[in-house]
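The values are calculated or read from the model by the stated rules, or taken from the named source; none is laboratory data. Please read these numbers as outputs of a predicted model, since none were measured by experiment. Virtual Cβ from ideal backbone geometry, glycine too; neighbours counted across all protein chains shown.
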Amino acid sequence: MKSFSFYRAQNSADAISAAASQRAGAQFIAGGTNMLDYMKLNVLQPDHLVDLNGLAKSEHGTIEVTDGGLRLGALVRMAEAQDHSLIKRDYPVIAESLMLAASQQIRNMASLGGNILQKTRCEYYRETSWPCNKRNPGSGCAAFDGVNREHAVLGGGSACIATYHGDFAQALIALDATVEIVGPGGRRIIPFSKLHRLPRDTPNIETTLEPGELVTFIGVPAGRHTRRSRYLKIRDRQSYQFALASVAVALDLDGDTVRDVRVALGGLATIPWRARDAEEILRGKILDEAAAHRAADLAFAGAESREHNAFKIPLGKATVVRALREAKEMKV
Amino acid sequence: MEKTPPTDPVQEDGWSRRLFMAGSAVAASMPLIPLRNAAVSAQLRPTPSDQPEAIVLHINKKAYRLAIDTRTTLLDAIRDHAGLTGTKKGCDHGQCGACTVHIDGKRVLSCLMLAVMAEGHDVTTIEGLAGPDGNLHPVQQAFIDNDAFQCGYCTPGQIMSAVACIVEGHAMDDDEIREFMSGNLCRCAAYPNIVAAVKQAKAKAEKA
């Protein structure tokens, strides 16, 4: 591991100024589960670590539930949110997306803010001897002609097909979450859907965060669809594994008719992925198997597969159909 | 190598066979000092430095004054600097759970935490589970009663995870135990016996 300086921030202003004082090479750290793993592999080589954990008690470590929705501190640990009784009851897709991720040990450590910013698990990104446009811009992509079974079929480009492996992010993008950010330029709030960037020709630039900016809160607006929501995750082993295909779905039904629906896809795309075309065709329609299949087909209309990951397209469609069916059958 | 005696056994409660590996680092017993984050120094610490970073870790209700490189993980600090080798290093990347310890009562992976980030917190390792009289913790006894291991390498992590799993209330039935113990891999595949051990310990905890 490369050497670094370590600084315990006292508050968010202190954290931002500490990061700014080091210009490039400063990195915030909270749970550290993703970052320390990649620092050991020399994939991430920060010169300066700014430890945010001291801010949890004073600033960004609480969960607020109001009639208007959720306000989740970025330093809330995954396990805290997953076990929160009101989140489990009123936003089950969020609780399930957290509970089905990683292990309880990691969920006790990992912060919500760090979770949404997690790095891909692409094996070619993880191992520094391979070419990788995300890790080493311009070096090429070893996954294109390599073993790409777990790679993305949506949102790829000519430079990168690394999957965004997070689960929580799919629940957030489905529920129109927002992200509160503070940085040297002040405070701003953006839709969660604007946080991650498609890889295009610069897969190394993964988010729209400016240098030195810090995610402080995640907002989730309330709505009639949030109670009838769930997260369905399909993977090679039943637990402690990343998704091959996952679906976050939220439904507002009037009898069998869809008043509102949200569908997001995990394990299939390069960034958190909302399937808006699939939602559009379902709105106002009776939700039956045929409608669910039509929506699933539309969700993958633009999918592109490589040698080993073509199976993800029918798997993803089947996961969409099953998630819609299971959400419809939920007793709320 | 493992039989080499340490030249300077400084722990009051007996020396570790691997203490010599810590080199210049010293693990010394000292009175328990209540520590809070606010009391912990915040300055920028470049590493490696000419002088190792001085930190105090509270492990199993005992304070250890350690001199470490800031890059040291909590796992390596526990094993190689504090000399508590019950906690095991498996994958060192958060994939196997062998290094599971408790921080302030919650189970975490010590391989994915910097030792400097554990300052001001209470660390519990497998050595801290047994009672002061040496009686095994009910989960330790349950692992023996149910033959819940073969080679035993993953066992300290399994037991630390199981203790927390029961306290969390995530051991209600076999499926939930399997789900919430999934972060601890056992290559001998003693899983059915581990589930049985967790059930036994949970039942005993309910009676107590």
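Annotations for the structure displayed:
- Of all residues making up region A:99-137, the number that are within 13 Å of chain B (Cβ to nearest Cβ), assigned to a helix (DSSP H, G or I), within 24 Å of A:Ser193 (Cα to Cα) and among the aliphatic types (A, V, I, L, M): 1
- Candidate set from region A:209-246 (those that are among the charged types (D, E, K, R) and either within 15 Å of the chain's Cα centre (by Cα) or under 27 Å from B:Leu185 (Cβ atoms) (or both)); member that is surrounded by the fewest Cβ atoms within 10 Å (Cβ to Cβ): A:Arg237
- Test for A:Asp176: is it at pLDDT 95 or above, out of contact with any helix residue (DSSP H, G or I) (no Cβ under 9 Å at 6 or more places or on another chain) and surrounded by fewer than 20 Cβ atoms within 10 Å (Cβ to Cβ): no
- Considering B:Val101, B:Val116, the condition of being within 30 Å of B:Pro192 (Cβ to Cβ) and within 14 Å of another protein chain (Cβ to nearest Cβ) is satisfied by B:Val101 alone.
- Residue match in region B:181-196 (condition: within 11 Å of chain A (Cβ to nearest Cβ) and out of contact with any Gly (no Cβ under 7 Å at 6 or more places or on another chain)): yes
- Within region A:218-271, the set of residues being part of a loop (DSSP other than H, G, I, E, B) and within 14 Å of chain B (Cβ to nearest Cβ) comprises A:Arg235, A:Asp236, A:Arg237, A:Gln238, A:Ser239, A:Tyr240, A:Gln241, A:Phe242.
- Condition check for A:Glu213: over 30 Å from A:Ala56 (Cα atoms) and not assigned by TED's automatic domain parsing to the domain that holds A:Ala15: no
- Test result for B:Val108, of a type in the set (A, V, I, L, M), under 24 Å from B:Glu179 (Cα atoms), buried (at least 24 other Cβ atoms within 10 Å of the Cβ) and within 10 Å of another protein chain (Cβ to nearest Cβ): yes
- When residues of region A:74-94 are limited to those that are within 14 Å of another protein chain (Cβ to nearest Cβ) and of a type in the set (Asp, Glu), the one nearest to A:Ser111 (Cα to Cα): A:Glu80
- Positions within region A:80-108 being buried (at least 22 other Cβ atoms within 10 Å of the Cβ) and among the small types (Gly, Ala, Ser), in sequence order: A:Ala81, A:Ala95, A:Ser97, A:Ala101, A:Ala102, A:Ser103
- Within region B:152-190, the set of residues being in contact (Cβ under 8 Å) with a residue 12 or more places away in the chain, more than 16 Å from the chain's Cα centre (by Cα), under 20 Å from B:His137 (Cα atoms) and surrounded by fewer than 19 Cβ atoms within 10 Å (Cβ to Cβ) comprises B:Val167, B:Glu168.
- All helices (runs of 4 or more DSSP H) inside region B:110-208 with 2 or more residues being within 26 Å of A:Arg237 (Cα to Cα): B:155-168, B:174-180, B:191-207
- For region A:247-288, the set of residues classified as surrounded by fewer than 24 Cβ atoms within 10 Å (Cβ to Cβ) and of a type in the set (Val, Ile, Thr) consists of A:Thr257, A:Val258, A:Ile271, A:Ile281, A:Ile286, listed by residue number.
- Among residues of region A:30-73 being of a type in the set (Ser, Thr, Tyr) and closer than 24 Å to A:Thr178 by Cβ, the one that is farthest from the other protein chains (Cβ to nearest Cβ) is A:Thr66.
- Among all residues of region A:182-198, there is at least one that is outside the structural domain of A:Arg276 (by TED's automatic domain parsing), in a loop (DSSP other than H, G, I, E, B) and within 21 Å of A:Val43 (Cα to Cα).
- In region A:18-42, the residues that are without any contact (Cβ under 8 Å) to a residue 24 or more places away in the chain and assigned to a helix (DSSP H, G or I): A:Ser21, A:Leu36, A:Asp37
- For first residues located in region A:62-78 and modelled with pLDDT under 95, partners that are crowded, with 17+ Cβ neighbours inside 10 Å and lie 6+ apart or on another chain with Cβ distances below 8 Å do not occur.
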